[in-house]
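The values are calculated or read from the model by the stated rules, or taken from the named source; none is laboratory data. Because the structure is a prediction, the values reported are computed rather than measured. Methodologically, a virtual Cβ is constructed for each residue, glycine included, from the backbone with ideal geometry; neighbour enumeration extends over all protein chains shown. These accessible areas exclude ligands, DNA and RNA; they are computed on the full protein's heavy atoms, side chains included. Shrake-Rupley method; radii C 1.70, N 1.55, O 1.52, S 1.80 Å.
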Amino acid sequence: MNSTKNKFSIAPMLDWTDKHCRYFHRVLTKQTLLYTEMVTTGAILFGKGDYLDFNHEEHPVSLQLGGSDPKALAQCAKLAQERGYDEINLNVGCPSDRVQNGMFGACLMGNANLVADCVEQMQAQVDIPVTVKTRIGIDDFDSYAFLCHFIETVMPYTSTFIVHARKAWLSGLSPKENREVPPLNYDRVYKLKQDYPNLTIAINGGIKTIDQIKHHLRHVDGVMVGREAYQNPLLLTLIDSQIFGLDTPTIEPKSAIRALYPYIEQQLTQGAQLNHIMRHTLGLFNGFKGARQWRRYLSENAHKKGVGIEVVEQALTFIR
């Protein structure tokens, strides 16, 4: 088995895995590799905001890039390395219309030579790893031979592939449906690892429990979890001990929230809004008595002007 850095990671999720979310997840697990939301090359090179901003505490953290222009991707990879990211990841898995119109995401699977060119030029600019997140196929191109051709074309330039074990339909399904409708095919990802043992292969798609993570790790090098890690973040408190084998105490959920207080206060002084930080924590107490009141109190109060951690502390009083 290969590098432990990719052994467990949280998927890049648009509108979810922003810097506040990643800071919170890092409180829950020290070892997990975190990913940014997908950021397009255009946003980085021409956008008004600072799309490469992250907190030093997030390490190890990977920047996921969306794009298909090798020169622009290489330029962004160089900027990301200068900013201190630990890895660059190229999105070859997102099926949304917006992504296809920009000729990146899952539609790139149909142009393996372009992906190889992109990764080659990115890796030429940086010393940190450049990795690829992909699907097992697109539309009617969903044979194992198609997947192997894609992997073989790109693997001279990267040794790490994160594979969402579903194909993507480029038309007819919404991004949400593309995460749920095409059937999962874990065996195909396992076979990829068997046939290309020198590659680091991580699996993604529909994984929800510690037992499932452990099962997959018997067949591949890494597991990436998306929605479950976000919606039930309590799962993350078990990762360091159960998956990485560390003898570290599991953080208690209320302590995890209070560990955010210095960060919250610092961010509020910089103009952040409390609700933008706390929205990522709403699922932490799922299954606890008072969880609904916790969520409701934050939802009704955290957006108000001038509020601070007193709102969070009050919300915690509902948890039994």
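Where only DSSP H runs of four or more residues are counted, the chain gives -11000 deg cm²/dmol as its mean residue ellipticity at 222 nm, each run worth -39500 (n - 2.57). Taking each of LYS7/LYS214; LYS19/LYS305; LYS78/LYS193; LYS7/LYS193; LYS133/LYS193; LYS176/LYS214 in turn, the alpha-carbon distance tops 18 angstrom for LYS19/LYS305; LYS78/LYS193; LYS176/LYS214.
DSSP beta bridges fully contained in region 101-239 are about 5 percent antiparallel. Extension gain, LYS48 to TYR196: 0.36 nm times the residue separation minus the Cα-Cα distance gives 49.1 nm.
Qualifying trypsin sites (Lys or Arg not before Pro) in region 248-306, where qualification requires a DSSP coil assignment and no more than 11 other C-beta atoms within 10 Å, comprise LYS289, LYS304, LYS305.
Scalar couplings 3J(HN,Hα) for region 230-242, obtained by applying the Karplus form with A = 6.51, B = -1.76, C = 1.60 to θ = phi - 60°, are 7, 7, 10, x, 4, 3, 5, 6, 9, 5, 4, 7, 6 Hz; x denotes Gly and Pro. Neighbours of THR153, meaning other residues whose beta-carbon lies under 12 angstrom from its beta-carbon, give a summed charge of -3 when Lys and Arg score +1 and Asp and Glu score -1.
Using the Kirkwood radius over C-alpha pairs as Rh, can you work out the diffusion coefficient of region 58-155 via Stokes-Einstein at 10 °C, viscosity 1.306 mPa s, in µm² per second? My calculation gives 117 µm²/s for D. Solvent-accessible surface of region 91-207, taken per residue with a 1.4 Å probe and all protein chains present: 42 Å².
Across region 199-320, C-alpha contacts under 8 Å between residues 6 or more apart give a mean separation that, scaled by the residue count, equals a relative contact order of 20 percent.
Of all DSSP beta bridges located in the chain, what percent are antiparallel, nearest 5? The antiparallel fraction comes to roughly 5 percent.
Seen from GLY206, the other residues with C-beta closer than 11 Å to its C-beta sum to a net charge of +2, counting Lys and Arg as +1 and Asp and Glu as -1. Beta bridges per DSSP, both residues in region 1-152: antiparallel share near 5 percent. Approximating the spin labels as points 7 Å out from Cα along Cα→Cβ, the SER241-to-LEU268 distance works out to 3.2 nm. Region 252-320 and region 122-173 have Cα centres spaced 38 Å apart. Karplus-derived 3J(HN,Hα) values for region 79-94, using 6.51 cos²θ - 1.76 cosθ + 1.60 with θ = phi - 60°, are 4, 5, 5, 4, 7, x, 5, 8, 7, 10, 10, 9, 7, 10, x, 6 Hz; glycine and proline are entered as x.
Evaluating kT/(6 pi eta Rh) at 25 °C and 0.890 mPa s, with the Kirkwood radius of region 224-304 over Cα pairs in the Stokes-Einstein relation, gives 175 µm² s⁻¹.
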